[in-house]
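Enquirer: Quick one: this structure, given as structure tokens, is what I'll be asking you about.
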Amino acid sequence: MVPDAEIRLVVNADDFGQSPAISRGILRAHRDGIVTSASLLGNCDDLPGARALLAEAPQLGVGVHLALSGGRPVAPADRVRSLLGPDGAFAPRGQDFIAAWMKGRIVPAEVERELDAQVARVREAGIAVDHLDTHHHLGFLPVVGRAVEAVARRHGIAGIRSAVERPTLAWVTDPRRGIEAGLLTGLAWLTRRQLGARRHGPQSWGYVESGHLDEIRILEIIGRLGPGLHEIICHPGEEDAAAGEHPPRYQRTAELASLTSAKVRRGITQRGVALCRWGDLF
């Protein structure tokens with residue numbers, strides 16, 4: 001259990017395995033900065049390569065970044081037809097999955113089948129998994145959230161990303177992202193109510209600035225942390241554009257610089273924040 005007055009913070013880098021440059025950047029942010037955890041893309045193309053890189057950082061916590069958009073499925077295509085386009089791949093954007101769900105085209109059993117296949121693939125590669133989250137935050141949709149919960153229980157995984165940050169001034173200064181974060185907050189609340197008290201885990205920060213975290217915003221988040229469990233979501237990398245990202249969605253190199261900055265590291269120390277991994281929270 002976490003003492004009431006203690007602030008514990010997971011700094012989790014999403015998209016490990018999406019490209020070698022992204023994975024290397026995450027490792028740098030861990031070695032030289034404040035990143036304590038990474039989410040390995042469940043359907044990444046080069047799992048052996050990703051596993052070899054993770055072996056270089058034994059203190060880095062690892063979760064599975066469950067994908068229902070971008071790339072190809074892990075489960076046999078004929079078992080997850082409702083999730084795929086005519087080319088046998090996932091839709092490229094999370095918005096496309098959401099649109100298909102709203103039109104009633106997504107089969108819940110197929111969502112669970114695919115997510116289970118991704119977790120099983122990572123675990124069979126010998127990688128210890130301490131949490132689950134979803135690519136493009138699709139886990140906040142009830143149909144996906146219920147599948148993630150079922151898979152987590154099946155594999156004995158305690159951590160699931162489920163709680164969104166509270167509204168801040170950043171929601172106003174960037175209205176488009178603020179509206180998106182507001183929608184995610186509502187969906188997350190609805191999904192958590194369906195999952196029950198077990199999934200009231202760390203409060204997650206970084207949605208509004210996803211891929212655009214700078215020193216100032218990271219220090220602001222650190223200053224706002226109250227006692228309890230928290231997570232900062234980040235997207236560092238050694239290059240900005242991943243395969244198929246044109247223009248780049250995330251400013252990965254700038255985030256890498258911010259996450260390794262001396263000011264941010266001092267801010268963590270001065271605030272008395274205990275950095276940890278998902279596996280240390282439960």
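Coordinate-derived values only; no laboratory data. Every value quoted in this text rests on a predicted model; they were computed, and no experiment measured them. We place every Cβ from the backbone using ideal geometry, glycine too, and count neighbours over all the protein chains shown.
Enquirer: Could you give me the ³J(HN,Hα) list for segment 251-262, computed from phi with Karplus coefficients 6.51, -1.76, 1.60 and θ = phi - 60°, whole Hz, x at Gly and Pro?
Expert: 8, 5, 5, 5, 5, 4, 5, 5, 5, 9, 6, 5
Enquirer: For Ser204, which sequence-distant residues (separation of 5 or more, or a different chain) have an amide H within less than 5 Å of its own amide H, given hydrogens modelled in the peptide plane?
Expert: Ala163, Val164, Glu165, Glu231
Enquirer: Modelling each spin label as a point 7 Å along the Cα-to-Cβ direction, I'd like the Gln59/Ala274 distance in nm, to one decimal.
Expert: Here the answer is 1.6 nm between the modelled labels.
Enquirer: Amide H of Leu66 versus every other amide H placed in the peptide plane: which residues, excluding those fewer than 5 positions away on the same chain, fall under 5 Å?
Expert: Counting only residues 5 or more places away or on other chains, the set is Gly42, Asp133, Thr134, His135.
Enquirer: Same structure again: Can you sort Ile26, Ile233, Ile160, Ile127 from fewest to most other Cβ atoms within 10 Å of each residue's own Cβ?
Expert: Ranked by crowding around the Cβ, least crowded first: Ile127, Ile233, Ile160, Ile26.
Enquirer: When the Karplus curve 6.51 cos²θ - 1.76 cosθ + 1.60 is applied with θ = phi - 60°, which whole-Hz ³J(HN,Hα) does each residue of segment 16-26 get, with x for Gly and Pro?
Expert: Coupling constants for segment 16-26: 4, x, 5, 7, x, 5, 5, 4, 5, x, 4 Hz.
Enquirer: At a 10 Å Cβ-Cβ cut-off, how would you order Cys44, Cys276, Cys234, fewest neighbours first?
Expert: Least to most surrounded, the residues fall as Cys276, Cys44, Cys234.
Enquirer: Please list, ordered by chain and number, the residues whose modelled amide H lies under 5 Å from the amide H of Gly159; skip anything fewer than 5 residues away on the same chain.
Expert: Those qualifying (amide H under 5 Å, at least 5 residues apart or on another chain) are Leu132.
Enquirer: Same structure again: Per-residue counts of other Cβ atoms within 10 Å, averaged by peptide: what ranking do you get for 9-21, 82-94, highest first?
Expert: 9-21, 82-94
Enquirer: Using the Karplus equation 6.51 cos²θ - 1.76 cosθ + 1.60 (θ = phi - 60°), what ³J(HN,Hα) coupling, rounded to whole Hz, does each residue of segment 143-154 give in order, writing x for Gly and Pro?
Expert: So the Karplus estimates, Gly and Pro as x, are 5, 7, x, 5, 5, 4, 4, 5, 5, 4, 5, 4 Hz.
Enquirer: Continuing with the same structure: Beta carbons within 10 angstrom, averaged per residue: use that to sort the peptides 56-67, 137-148, 102-113, highest first.
Expert: Sorting 56-67, 137-148, 102-113 by mean packing, highest first, produces 137-148, 56-67, 102-113.
Enquirer: Return, ordered by residue number, the residues of segment 14-56 whose backbone nitrogen is under 16 Å from a label point located 7 Å along Cα→Cβ of Glu215.
Expert: Residues 33-34 fall inside that zone.
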